[in-house]
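Novice: One structure coming up, written as structure tokens, with questions to follow.
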Amino acid sequence: MEVAQETLTAPAATETVQVSGSVALLEALIAEGTDTIFGYPGGAIMPIYDALFDYNDKLNHILVRHEQGGIHAGQGYARTSGKVGVVFATSGPGATNLVTGLADAQIDSTPLVCITGQVFAHLLGTDAFQETDVINITTPVTKWNYQVTDATEIPEVIAKAFYIARSGRPGPVLIDITKNAQIQLFDFAGYKPCDHIRSYRPKPIVRTQYIDEAAALINNAKKPFILFGQGVILGSAEQEFKAFVEKSGIPAAWTILGAGAIPTDHPQNVGMLGMHGNYGPNVLTNDCDVLIAIGMRFDDRVTGRLDKYAKQAKVVHLDIDPAEIDKNVKSTVPVWGDCKETLPLLTAAIAKKEYPEWLAKFNDYTKQEVEAVIHNELNPTTPEMTMGEVIKQLNEITKGEAVIVTDVGQHQMVACRYAQFNNTRSNVTSGGLGTMGFALPAAIGAKFGAPNRTVVAIIGDGGFQMTCQELGTIMQSGVDVKIVILNNRFLGMVRQWQELFNQRRYSFVDIQSPDFVALAAAYRIPGKLIDDRADLTTALNEMLSTPGSFLLEVMVTKENNVFPMVPQGCSVSEIRLK
Amino acid sequence: MSEPEEKQEFNITVYTENQIGLLSRIAIIFTRRKINIDSLNTSPSEIDSIHRFNIVINESEDVVRKLTRQIEKQVEVLKVYYHTNEDVIWQELALYKVSTDVIAEKVSVERLLRENGARAVVIRKDYTVFETTGHREETDNLINILQPYGLIEFVRSARVAIIKDSDGFNRKLREFERLEPGEDVIENEYLNQGQKVFTM
Ligand SMILES: Cc1ncc(C[n+]2csc(CCOP(=O)(O)OP(=O)(O)O)c2C)c(N)n1
């Protein structure tokens, strides 16, 4: 046994070294490949932060301005890098501030390991200062959570945490560590990653019988249709997916989290599904004969009314999570498995085909949608700018190569509809939870996760004000994030619903904003406000060519609506163009 | 599966690691869907370190199937099965406390015990405790009989159920312990068997 030391290089498995729980934690994080941590200190996590002081060269800690910002940054990092996001927070209020982000990561299957400090073990359950029952609060919004009260548990628990967060259907894990366990010294015998938990089956053995049945359905189909979601991206199966799409010749449409899994301009990519998705993919869902759902979960925003959803179609559902199969839409053939494994098998089993007439039907609908909606949105004749034209301009300048991080609201739907994604892991948005305030911190994390890519956050005037304190994080860390605020002076999406469904009773959606550019300036971030179309291209170019972060506020039409729209409670074929 | 399914009693059997917090993880799956748990029993199983939950709910099979998948998704849950009452042998235990004076004076105790399959567990000067085991109607029956004689206290356990068509969990567990378990454990029974699911 060696003498205690502050930091250590991973010891050989046979040696043991006396370390504190905090040092063991940091060594474990490094062993798992962590390079960046988003966090905020406090009393109950001080020993970990104290240990972190000596790990400056190995672990880059980003001090956020609010724990919600920290966890959204962790999500952004995970989404662009494909790695596990790591977040630190203290006990009590620090931990509870993570809840929104945990719920968001849970529903969007984002791999995270959150570490929260907790009061001393002997104080648990006594209403001690800043004690909260974090385990129970976070149980419904984590894939797994665990409270550590003894330092000797730390290496194994962290190994499990990473394994669970990233394997199978990924998700957030929270580890709550009492202060005594952070301080306690113990014999650390090195770190062993976890690759098996007795009670946990991340991946099934793929059953070829289902592959054969699925292939038979697909080969006999006249009007097959592919719906793809984030499962393709989470499974790193983009190549396998492309091969399947191209051999099968089947038109494919995406959920917002699936965007970018194949390039937006791929000839078989027929657009976006769901409430504000494209016209053709929605209507033709109720026309196809075989529906092939890949790594998507038939969210109600995608399906609209379930009892009128694709009733005519035979359904093939590929998913890694058996709980998703038959949950909302009954499948004819369930293909349970990791799509990285199932897709190549399916591709091998199907015939090479093309469906020119069927594909043309999608194109007919696209034409109608262009005439009724898209043309006016992208080439408006009104004096005021539209959200769509801003996205279109941005696209042309970035050539579809940027990572687009969106907040929640009209601008989100417009960005997802009109942004071009040439690459996977380019669309970072809060899909399942729809969390306003997501974009600014997520964009910070997205840039750390993909440092060589341009990251542009598209945010509404409402959502920006939910987490705008993270401008401080941008200032201090020097991260390069381009921020576009699409200011319609309304909580636009709610206003749209009030206009369409509540007889224009605009109840508390008229929101005032500060001088965003001055606010950015207060954080030493350059910015600009434009309200004239003539300035748009120049301003976007200025934003993109300015080194470091930049805030561009664009005044857009106050009362513009996002169409098409499947009204709540309607079927996908009742999608409205106006 | 097109016509809405009838609700009926289902016995859900869950094999889990013995882990703090798991009860609330499992309970949340029911409360979140506003499903009432009629009976819940948890205890160590025949296998060291493995716990067994017996949960009874009154729901349609479709709902039960979805619930069991959500339960099985929990990291520390090894396996979940569900069965109708016909597929299991089940018992509940009931204890009845009555005044010894009253019961000795007014009731033919012997008849009472014989006819209801009851046993006296404790006989004290002040009170006597009887026990029966059986289905709900059977244990209810004795309440009705004793109520007129001043039943002081009554308690009934959760249901425990043994699955008729089961080879037990020992062999399955060994599969779970392997890094590369065989199809038997890893395969998804409900996908494999369509509607006829969760047999052991
Ligand atoms: C945290 C949170 N609170 C409330 C909502 C409900 N909500 C959804 S969209 C929206 C309006 C968003 O307004 P803004 O950020 O200005 O974007 P816009 O729709 O105008 O593009 C609101 C309030 C939400 N999604 N998240």
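The values are calculated or read from the model by the stated rules, or taken from the named source; none is laboratory data. Only a predicted model underlies this, so the values are computations on that prediction, with no experimental measurement involved. Reconstructed Cβ throughout: ideal geometry from the backbone, glycine too, with neighbour counts over all protein chains shown.
Novice: So in the stretch A:373-403, with the set limited to residues that are acidic (Asp, Glu) and touching a residue at least 12 places away in the same chain (Cβ under 8 Å), which one is nearest to A:GLY82 (Cα to Cα)?
Specialist: The selected residue is A:GLU401.
Novice: Same structure, new question: Out of the residues in the stretch A:401-425 that are away from the ligand (no atom under 16 Å from the Cβ) and over 19 Å from A:ILE107 (Cα atoms), state the one that is surrounded by the most Cβ atoms within 10 Å (Cβ to Cβ).
Specialist: Filtering the stretch A:401-425 down to residues away from the ligand (no atom under 16 Å from the Cβ) leaves A:401-403, A:420-425.
Keeping just the survivors that are over 19 Å from A:ILE107 (Cα atoms) gives A:401-403, A:420-424.
Values: A:GLU401: 14, A:ALA402: 22, A:VAL403: 26, A:GLN420: 20, A:PHE421: 24, A:ASN422: 16, A:ASN423: 16, A:THR424: 21.
For the stretch A:401-425, the residue satisfying everything is A:VAL403.
Novice: Among the residues of the stretch A:534-566, count how many are loosely packed, with under 15 Cβ neighbours inside 10 Å and farther than 30 Å from A:MET475 by Cβ.
Specialist: Count: 3.
Novice: While we're on this one: If only one of A:ALA221, A:ALA215, A:ALA181 is of a type outside the set (Lys, Arg), more than 22 Å from A:LEU25 (Cβ to Cβ), crowded, with 20+ Cβ neighbours inside 10 Å and out of contact with any Leu (no Cβ under 8 Å at 6 or more places or on another chain), which one is it?
Specialist: None of the other options fit; the residue is A:ALA221.
Novice: Where the second residue is within 16 Å of the ligand (Cβ to nearest atom) and in a helix (DSSP H, G or I) and the first is farther than 25 Å from A:ARG489 by Cα and lies in the stretch A:465-478, which pairs have Cβ atoms under 7 Å and are six or more apart or on separate chains?
Specialist: Final answer for the pair search is A:THR473/A:GLY69.
Here is a yes/no grid of residues against (1) more than 14 Å from chain A (Cβ to nearest Cβ); (2) in contact (Cβ under 8 Å) with a residue 12 or more places away in the chain:
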residue	(1), (2)
B:ILE20	no, no
B:SER24	no, no
B:ARG32	no, no
B:ASN41	yes, yes
B:PRO44	yes, yes
B:ARG52	no, yes
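Novice: In the stretch A:371-391, how many are under 24 Å from A:TRP497 (Cβ atoms) and outside any helix (DSSP H, G or I)? Walk me through it before giving the result.
Specialist: Kept after step one, since they are under 24 Å from A:TRP497 (Cβ atoms), are these residues of the stretch A:371-391: A:372-374, A:376-378, A:380, A:382, A:384-391.
From the residues that got through so far, the ones that are outside any helix (DSSP H, G or I) too are A:380, A:382, A:384-386.
Residues meeting the conditions: 5.
Novice: Need a quick list: strands (runs of 3 or more DSSP E) entirely within the stretch A:150-262 having at least 3 residues that are in contact (Cβ under 8 Å) with a residue 60 or more places away in the chain.
Specialist: In the stretch A:150-262, the matching strands (runs of 3 or more DSSP E) lie at A:172-178, A:185-188, A:224-228.
Novice: Spot the failing condition for A:ASN328; the list is (1) more than 14 Å from chain B (Cβ to nearest Cβ); (2) under 30 Å from A:GLY460 (Cβ atoms), and only one is missed.
Specialist: (1)
Novice: Please specify each residue of the stretch A:150-169 satisfying the condition of being at the interface with chain B (Cβ under 10 Å from one of its Cβ atoms) and either among the basic types (Lys, Arg) or surrounded by fewer than 19 Cβ atoms within 10 Å (Cβ to Cβ) (or both).
Specialist: Passing the criteria: A:LYS160, A:ARG169.
Novice: Oh, and also: Residues that are at pLDDT below 85, in contact with a Phe, Trp or Tyr (Cβ under 8 Å, 6 or more places away or on another chain) and under 30 Å from A:PRO334 (Cα atoms): list the strands (runs of 3 or more DSSP E) wholly contained in the stretch B:88-200 that include at least 3 such residues.
Specialist: The strands (runs of 3 or more DSSP E) meeting that bar number zero.
Novice: Check whether at least one residue in the stretch A:392-400 is assigned to a helix (DSSP H, G or I), crowded, with 24+ Cβ neighbours inside 10 Å and either within 14 Å of another protein chain (Cβ to nearest Cβ) or near the ligand (Cβ under 8 Å from one of its atoms) (or both), and report yes or no.
Specialist: Looking for residues that are assigned to a helix (DSSP H, G or I), crowded, with 24+ Cβ neighbours inside 10 Å and either within 14 Å of another protein chain (Cβ to nearest Cβ) or near the ligand (Cβ under 8 Å from one of its atoms) (or both), one finds none in the stretch A:392-400, hence no.
Novice: Quick one: in the stretch B:55-72, which of the residues that are among the polar types (S, T, N, Q) and part of a helix (DSSP H, G or I) is farthest from the chain's Cα centre (by Cα)?
Specialist: Taking the candidates together, the pick is B:GLN70.
Novice: Can you tell me which residues in the stretch B:1-18 are within 12 Å of chain A (Cβ to nearest Cβ) and in a strand (DSSP E or B)?
Specialist: Result: B:VAL14, B:TYR15, B:THR16, B:GLU17.
Novice: If I ask for residues that are of a type in the set (Gly, Ala, Ser) and touching a helix residue (DSSP H, G or I) at 6+ places or on another chain (Cβ under 7 Å), which ones from the stretch A:55-77 would you list? Don't jump to the end; show me each part of the working.
Specialist: Taking the stretch A:55-77 and keeping what is of a type in the set (Gly, Ala, Ser), we get A:69-70, A:73-74, A:76.
Across the stretch A:55-77, the qualifying residues are A:GLY69, A:ALA73, A:GLY74, A:GLY76.
Novice: Tell me which of these B:VAL75 doesn't satisfy, since it passes every other one: (1) among the hydrophobic types (A, V, I, L, M, F, W, C); (2) part of a strand (DSSP E or B); (3) free of Cβ contacts under 8 Å to residues at least 24 places away in the same chain.
Specialist: (2)
Novice: I would also like to ask the following. Out of A:VAL517, A:VAL572, I need the residue that is surrounded by fewer than 21 Cβ atoms within 10 Å (Cβ to Cβ), of a type in the set (Val, Ile, Thr) and within 28 Å of the chain's Cα centre (by Cα). Which one? Don't jump to the end; show me each part of the working.
Specialist: Details: A:VAL572 fails: surrounded by fewer than 21 Cβ atoms within 10 Å (Cβ to Cβ).
The unique qualifying residue is A:VAL517.
Novice: Residues in the stretch A:132-142 that are more than 7 Å from chain B (Cβ to nearest Cβ) and within 24 Å of the chain's Cα centre (by Cα): how many? Outline the logic, then answer.
Specialist: Pass one, the stretch A:132-142, residues more than 7 Å from chain B (Cβ to nearest Cβ): A:132-134, A:137-138, A:141-142.
So of that shortlist, the ones also within 24 Å of the chain's Cα centre (by Cα) come out as A:134, A:137-138, A:141-142.
Within the stretch A:132-142, residues that are more than 7 Å from chain B (Cβ to nearest Cβ) and within 24 Å of the chain's Cα centre (by Cα) number 5.
Novice: Need the failing condition index for B:ASP48 against (1) assigned to a loop (DSSP other than H, G, I, E, B); (2) in contact with a helix residue (DSSP H, G or I) (Cβ under 9 Å, 6 or more places away or on another chain), just the number.
Specialist: (2) is the only condition that B:ASP48 fails.
Novice: Among the residues of the stretch A:74-129, how many are outside any helix (DSSP H, G or I) and of a type in the set (Val, Ile, Thr)? So that I can check it myself, show each step before the final result.
Specialist: Here is the first cut: in the stretch A:74-129, the residues outside any helix (DSSP H, G or I) are A:82-92, A:97-98, A:108-120, A:124-129.
From what's left, of a type in the set (Val, Ile, Thr): A:84, A:86-87, A:90, A:110, A:113, A:115-116, A:119, A:126.
Adding up the residues that qualify gives 10.
Novice: In this structure, is A:ASN269 surrounded by fewer than 24 Cβ atoms within 10 Å (Cβ to Cβ), under 19 Å from A:LYS247 (Cβ atoms) and not aliphatic (A, V, I, L, M)? Before the answer, list the steps.
Specialist: Working: surrounded by fewer than 24 Cβ atoms within 10 Å (Cβ to Cβ): yes; under 19 Å from A:LYS247 (Cβ atoms): yes; not aliphatic (A, V, I, L, M): yes.
So A:ASN269 fits the description; yes.
Novice: So which of A:ALA360, A:ALA446, A:ALA442, A:ALA457 ends up being over 15 Å from A:ARG79 (Cβ atoms) and modelled with pLDDT of 95 or more?
Specialist: Working: A:ALA446 fails: over 15 Å from A:ARG79 (Cβ atoms); A:ALA442 fails: over 15 Å from A:ARG79 (Cβ atoms); A:ALA457 fails: over 15 Å from A:ARG79 (Cβ atoms).
Selected residue: A:ALA360, the only one of A:ALA360, A:ALA446, A:ALA442, A:ALA457 that is over 15 Å from A:ARG79 (Cβ atoms) and modelled with pLDDT of 95 or more.
Novice: Assess whether A:PRO224 counts as being away from chain B (no Cβ under 13 Å), at pLDDT 95 or above and within 29 Å of the chain's Cα centre (by Cα). Break it down into steps so the answer makes sense when it comes.
Specialist: On the way: away from chain B (no Cβ under 13 Å): yes; at pLDDT 95 or above: yes; within 29 Å of the chain's Cα centre (by Cα): yes.
Yes: the conditions hold for A:PRO224.
Novice: Just to be sure, is A:PRO344 outside any helix (DSSP H, G or I) and away from the ligand (no atom under 16 Å from the Cβ)?
Specialist: no
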